[in-house]
Each structure stands twice: as C-alpha cells, then as structure tokens.
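J.: Sending over a structure as structure tokens; questions will come in a sec.
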Amino acid sequence: MSKNLWTCEEVTAAVEEEIRLQLGKADSALSEVTRNTCRDYAFGAYLAWEAVTRTCLTEQRFSDARRLGNLVEFPDSEGA
C-alpha cells in the first residue's frame with residue numbers, strides 16, 4: 001500500500017469541494033429525505049475535517065474553520 005501525504009491546505013480544498021458537491025445535491029433533491037441526507041453528509045465531512053486538521057494551529061486553519069462552518073451552517077460559526 002502506498003502512502004500519500006497531504007497538506008492541511010490540500011485536505012481543506014478536498015473537503016470544501018465535497019461539502020459544496022453535497023450541498024448542491026441537497027439543493028436539487030426532490031425529496032426531503034435526500035436533501036437531509038446530503039446536508040448530513042456535508043456536515044459529516046466538516047466534522048471529519050475538524051478532526052483531521054485539529055493540530056494545524058494557524059490563522060489560516062481558523063479562517064478555514066469559519067468558512068467551512070458557514071457553508072454547513074454550523075451554529076455559532078459566525079463568531080468562531
């Protein structure tokens with residue numbers, strides 16, 4: 001098995017892309033169940049990003065956390 005190394009920036013970009021994809025699917029979904037599933041998936045991607053990047057204590061990471069939190073409408077993400 002090969003080992004891939006990712007930077008915090010690369011992880012953030014990949015997660016942001018996935019969040020936007022899932023929110024787009026939610027916006028175009030015909031059923032409420034599908035909408036909620038896609039939104040939950042997007043929020044789960046955000047939580048996974050938080051767990052993976054927790055040790056990246058930079059201003060950029062905090063800015064990314066606010067931006068991604070706002071995308072998934074995380075409570076109190078405006079004031080983070």
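J.: Suppose we keep only residues that are assigned to a loop (DSSP other than H, G, I, E, B) and β-branched (Val, Ile, Thr) within the range 13-61. Which one would you say is surrounded by the fewest Cβ atoms within 10 Å (Cβ to Cβ)?
T.: Among them, the one singled out is THR55.
J.: If you don't mind, another one. Give me the pairs, please: first residue somewhere in the range 7-30 and more than 15 Å from PHE43 (Cα to Cα), second residue anywhere and outside any helix (DSSP H, G or I), beta-carbon distance under 8 Å, and either six or more positions apart or on two chains.
T.: Taking only residues 6 or more apart or on different chains, the pairs are CYS8/CYS56; CYS8/THR58.
J.: Pairs only if they're at least six apart or on different chains, beta carbon under 6 angstrom, first in the range 40-63 and among the charged types (D, E, K, R), second part of a helix (DSSP H, G or I); list them, first residue then second.
T.: ARG61/THR53
Condition check ((1) in contact with a Lys or Arg (Cβ under 9 Å, 6 or more places away or on another chain); (2) farther than 25 Å from GLU10 by Cβ; (3) modelled with pLDDT under 90) across all residues:
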residue: THR34; (1), (2), (3): yes, yes, no
residue: CYS38; (1), (2), (3): yes, no, no
residue: ALA45; (1), (2), (3): no, no, no
residue: SER63; (1), (2), (3): no, no, no
residue: LEU71; (1), (2), (3): yes, no, no
residue: SER77; (1), (2), (3): yes, no, yes
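The values are calculated or read from the model by the stated rules, or taken from the named source; none is laboratory data. This structure is a prediction, so every number in the text was calculated from the model and none was measured. All Cβ positions, glycine included, derive from the backbone under ideal geometry; neighbour counts span all protein chains shown.
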